[in-house]
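Here the structure is laid out as structure tokens; the discussion comes afterwards.
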Amino acid sequence: MKQRKTIVPLFALPAAVVFAAVVACICFTSCLLEENNDVYVLVPPELPAAWQKALGEPRWILEWVDEDGNLQQKETATLDGEHISPYRYRAVPISASPVWKEKGISAGQFYGAGAIFPQDAADGKITLTWQGGVDAHFYKLLAELDNEKRLPANFDWKRFRELFTGEKTEKEARSDPWLVPWKEIAQKTAESGFSSTRIKVKKDAGLPVTVPAGGPWLGGSPFTPCYDWKMGETVTVSILKDVENFYCPQGVLRCVKNAYIFRKY
């Protein structure tokens with residue numbers, strides 16, 4: 001188990017909102033103490049069938065902030081029945097990243113599940129979801145920027161999640177939130193505050209690729225179905241990050257802006 005000391009900071013909001021958040025935090029804390037829930041059982045999401053078919057069952061890298069405010073990391077063969085003691089006095093993120101070590105697929109290559117505690121806790125359980133993985137990722141990005149006026153613990157995570165259930169946010173971003181440039185949004189949020197109008201899919205001209213092997217092909221997001229690519233055909237892939245990875249049962253296709261390479265497992 002890896003461990004490093006960190007105290008999760010607060011997300012500074014206007015005074016009235018901060019007061020409401022503090023009151024809510026006190027209420028959350030009071031409820032948790034009354035229930036005496038020091039330990040919570042994790043409820044994992046269902047693994048996408050395409051992931052299991054192409055790669056088999058993964059192991060998981062679990063990260064959370066413990067009761068003392070320390071960041072904890074643990075590798076586990078399954079999330080079923082896993083339990084943690086999270087920090088109970090302000091909102092903290094929990095994340096679970098799938099890994100396939102025998103194939104060289106490490107944490108972060110596939111987007112994981114997650115939760116915000118105590119928002120996603122009830123009856124001694126914390127429910128991990130794929131949308132919660134987006135929340136936890138955005139939380140960590142904000143925390144890394146460490147702007148004392150805009151830190152993530154008091155951010156309105158409930159309203160943030162609701163942006164992906166209504167029509168206020170564009171359809172593409174709702175369909176797959178991982179297509180959104182969260183690092184850029186976090187930087188702008190730290191500088192000038194959060195705006196939902198920034199939640200838009202990043203556009204890209206695309207890279208033509210000759211498919212090197214048979215499918216199914218996966219892009220690493222639990223929100224996107226597998227790609228029905230046939231070996232030898234030419235497809236156009238979007239390059240939204242420095243490197244885009246696509247996976248099939250035989251290997252991984254790594255794409256950058258003007259080039260790509262296929263590596264067998």
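The values are calculated or read from the model by the stated rules, or taken from the named source; none is laboratory data. Only a predicted model underlies this, so the values are computations on that prediction, with no experimental measurement involved. Here the Cβ positions follow ideal geometry from the backbone for every residue, glycine too, while neighbour counts run over all protein chains shown. These accessible areas exclude ligands, DNA and RNA; they are computed on the full protein's heavy atoms, side chains included. Shrake-Rupley method; radii C 1.70, N 1.55, O 1.52, S 1.80 Å.
Here the calculated FRET efficiency for Thr165 and Lys264, from their Cβ-Cβ distance with R0 = 30 Å, stands at 0.15, rounded to the nearest 0.05.
For Val43, the accessible surface of its heavy atoms amounts to roughly 50 Å² (probe 1.4 Å, protein chains only, rounded to the nearest 10). Bridgeable lysines around Lys125 (alpha carbons under 28 Å apart, same-chain partners fewer than 8 residues away excluded): Lys2, Lys5, Lys74, Lys140, Lys158. Counting charges near Phe246 (Lys, Arg +1; Asp, Glu -1) among other residues having Cβ under 13 Å from its Cβ returns a value of +1. With the charge dipole of region 68-206 set up from +1 on Lys and Arg Cβ and -1 on Asp and Glu Cβ about the Cα centre, the Cα lying farthest toward the positive end among the listed residues Thr129, Ala190, Ile94 is that of Ala190. The magnitude of the dipole of the chain, with charges of +1 and -1 set on the Cβ of Lys/Arg and Asp/Glu and taken from the Cα centre, is near 900 debye.
For the chain, the residue among Gln109, Val209, Ser238 whose Cα projects farthest onto the positive side of the dipole built from Cβ charges is Val209. Once the chain from Leu240 to Ser195 is taken as fully extended at 0.36 nm per residue, the excess over their C-alpha distance is 14.1 nm. Evaluated at 4 °C with a viscosity of 1.567 mPa s, what Stokes-Einstein diffusion coefficient in µm²/s does the chain have when Rh comes from the Kirkwood expression over alpha-carbon pairs? Estimated diffusion coefficient is 66 µm²/s. Of the residues Tyr265, Tyr87, ranked by 1.4 Å probe accessible area with the largest first, the sequence reads Tyr265, Tyr87.
In the assembled protein chains, Cys255 presents an accessible area of approximately 0 Å² (probe radius 1.4 Å). With an 8 Å Cα cut-off and a minimum separation of 6 or more residues, compute the relative contact order for the chain in percent. Value for the chain: 17 percent. Computed on protein heavy atoms with a 1.4 Å probe, the accessible areas place Asp80, Asp135 in the order Asp80, Asp135, largest first. Indicate the gyration tensor shape class of region 140-250 (rounded, prolate or oblate), computed on the Cα atoms with a ≥ b ≥ c the square roots of the eigenvalues: a/c under 1.5 is rounded; otherwise a/b larger than b/c is prolate and the rest oblate. Note, shape of region 140-250 comes out prolate. Excluding same-chain neighbours fewer than eight residues apart, the lysines reachable from Lys171 by a Cα-Cα span under 17 Å are Lys200, Lys202, Lys203.
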